[in-house]
Every structure is written in structure tokens, then in C-alpha cells.
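Before any comments, here is the structure.
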């Protein structure tokens, strides 16, 4: 009863949008987003009853989810949902519990998306492989400069309940430089750890730019990868999830991140070309000739950088003709 596919990230790379569009397909079963078994729950041996009184962040989050779920069941009673949620929240976390999450799949292709899985070390990935050796892996990527900034903004929204503009530049750069931010943006580490167990043909790599420019084509390619009907018309392709209203990022932050991730982006460009070539153009442009304005358009594919890059030789990868780049890893890597 384990999942047939697992989405492993990256965080802030369109995974909520993806989850909702996959969940809408009648041949797919996705119980919920972010099960967090392999990164959090697998280490939590707490008695479920004690979570009602625990003071850990995970206990507080658990109680909040239980209250929200209970309210939903009151509004829309369902014996089946009641049983599933009781098992999900009240059973101890172990491999058997993880399998039970997918029991209601009823012959459908089942999966989950937990973006934190992209940062798992190799030992944890080995455990995933022990449970689901034939699973397909989905990994969405985003320009690391944008992804790191989006994660930072999210941390202020969720944790600080304030704005990044209220802290000093030094404190902001310290937050951006946290180890978790780097790990979640280190896509090559993800490929190395997961690729040690899952071959390229079991990997689907998606690009956030495709969810913006070619959402239908991206989803149909992914439906084919998951062996479900690719002609299904997804209902939410134009709806952006968790979009930031500001539409800008501080230029100093963008330059700082360009310096931090330039080497990583260069290696991604060598491996994938295409959109990663645009990421490298952004990094080099920010380092060598940053905009004079204090704020710049974000995401970067909506900025003037995109037009500059598209007009140059770096875009001669088929993207100008609006061909989707996302697809199985074995088919989208640049030949070496």
C-alpha cells in the first residue's frame, strides 16, 4: 500500500500548484500534501496521546491540524474520512503507518509531495528505497536565487509574523545564509543522494518556468510519466498558489544570492541548459552589472532579464518556440 510516486521538492518551486493539479486527476490518489514521514515523523516515537499536551513545535502543529480536520468533518461528515484521519493522527509513526496513508487508493496511482525530502541525506534515501524501490520520483526546480528568497519571505510570514524590511541587512543575510536554505537549493546534492538509488528513467524533473509559460504541457508530460491519462484537462493550471503580491525583491539581496549560488547554477547549466542557462545569465548579470534600482522584478522570468536572455544566443534551446523542457531526467539532460 506504499506510494507509487513521491514528490521530493524543491520547496517554493511550485509544489503546491503541482499537488492540486495532480490531485484533480481521477486516476491519481494523493491523500494530502507534505506527509513529512521521512524527514520528521520517522524520528518521532512520541505516544500520540501525549501530543495533546506536548510543547514542541511539532505538537503545536499537530494540534492545529487536528482542530482544522475536526472542523472539516463537522461541516462534511464522512465515516471513511473519519477513519482515515483517526489512523493518520492517532497511530504511532512507523513504516506501517506510512503505508496506511495510501490505503484508500482503490487501484489509482498513489503518491505524495513533501518538498523537505529533497534535503534528505543518503541514509534516509536508502530507507525510502527499501520501502518503495520501484517508486517514481518527481523533483521541481526553480532558479536558486528566487527559491532562496521565496523561502526567506515565507519564514517571515509564518514565523516572525512580520516583514523582512523590519530587520537589518546583516540579519537578513544571516537568515538567507542558514544551512536549511542552502540544502533546499542544492539541487545537485539532491540528484546525487536520490540518484544513488533511483535511476534517471524514474526521475521526472520539472521547471517552475514551465508551470508559468506552459502549465498544460508540463502537466500532460507528468501524467504520461505517471502512466495516467495525459489528455485529462487539469482545472487549475492558471491559478497560482501562494503567489507573493509584492512582485519585487531587494537588488542587494539578489546580488548576494547570485554570488552564493553562481557556482551551483553554472553546474546546473552544464547539465540541463535551457532554463538553467537563464538562471546563469541572471547570476552573471547581477554580479557584473546589477540594476541601479533598490528593488527589482521578481520572479526573474518576469523581469527584463528574460527578454535580454531570450534575445541572445543562450536561449537557443527550443524554449523560444515554447517547447516544454520538463520531463524524465534521462531525456532532458544535456549530452556530454
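The values are calculated or read from the model by the stated rules, or taken from the named source; none is laboratory data. Keep in mind the model is a prediction, meaning the values are calculated, not measured. Cβ coordinates were reconstructed from backbone atoms using ideal geometry, including for glycine residues, and neighbour counts include every protein chain displayed.
A quick yes/no check of all residues on (1) modelled with pLDDT of 95 or more; (2) farther than 20 Å from residue 36 by Cβ; (3) surrounded by 13 or more Cβ atoms within 10 Å (Cβ to Cβ); (4) in contact with a helix residue (DSSP H, G or I) (Cβ under 6 Å, 6 or more places away or on another chain):
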site	(1), (2), (3), (4)
48	no, no, yes, yes
52	no, no, no, no
57	no, no, no, no
64	no, no, no, no
77	no, yes, no, no
85	no, no, yes, yes
88	no, no, yes, no
For this session: Within the range 310-330, work out how many residues are modelled with pLDDT under 95, in contact with a helix residue (DSSP H, G or I) (Cβ under 7 Å, 6 or more places away or on another chain) and not in a loop (DSSP other than H, G, I, E, B).
Result: 6
For this session: Hey, can you tell me all the residues within the range 42-76 that are over 22 Å from residue 98 (Cβ atoms) and part of a loop (DSSP other than H, G, I, E, B)?
Result: 53, 55, 76
For this session: Looking only at the range 212-227, count how many residues are out of contact with any strand residue (DSSP E or B) (no Cβ under 6 Å at 6 or more places or on another chain), surrounded by fewer than 22 Cβ atoms within 10 Å (Cβ to Cβ) and on the phi < 0 side of the Ramachandran plot.
Result: 9
For this session: Would you tally the residues in the range 2-39 being within 24 Å of residue 188 (Cβ to Cβ) and assigned to a loop (DSSP other than H, G, I, E, B)?
Result: 11
Seminar exercise, completed: residue 183: passes all of (1) at pLDDT below 90; (2) over 17 Å from the mean Cα position of the chain (by Cα); (3) farther than 23 Å from residue 248 by Cβ but (2)
For this session: List the number of the failed condition for residue 33; all other conditions in (1) farther than 22 Å from residue 131 by Cα; (2) surrounded by 13 or more Cβ atoms within 10 Å (Cβ to Cβ); (3) modelled with pLDDT under 90 hold.
Result: (1)
Seminar exercise, completed: Flagged in the range 207-232 as farther than 18 Å from residue 330 by Cα and outside any helix (DSSP H, G or I), in numbering order, are 214, 228, 229, 230, 231, 232
Exercise. Got a number for residues in the range 80-105 being within 20 Å of residue 68 (Cα to Cα), within 24 Å of the chain's Cα centre (by Cα) and not in a helix (DSSP H, G or I)?
Worked result: 1
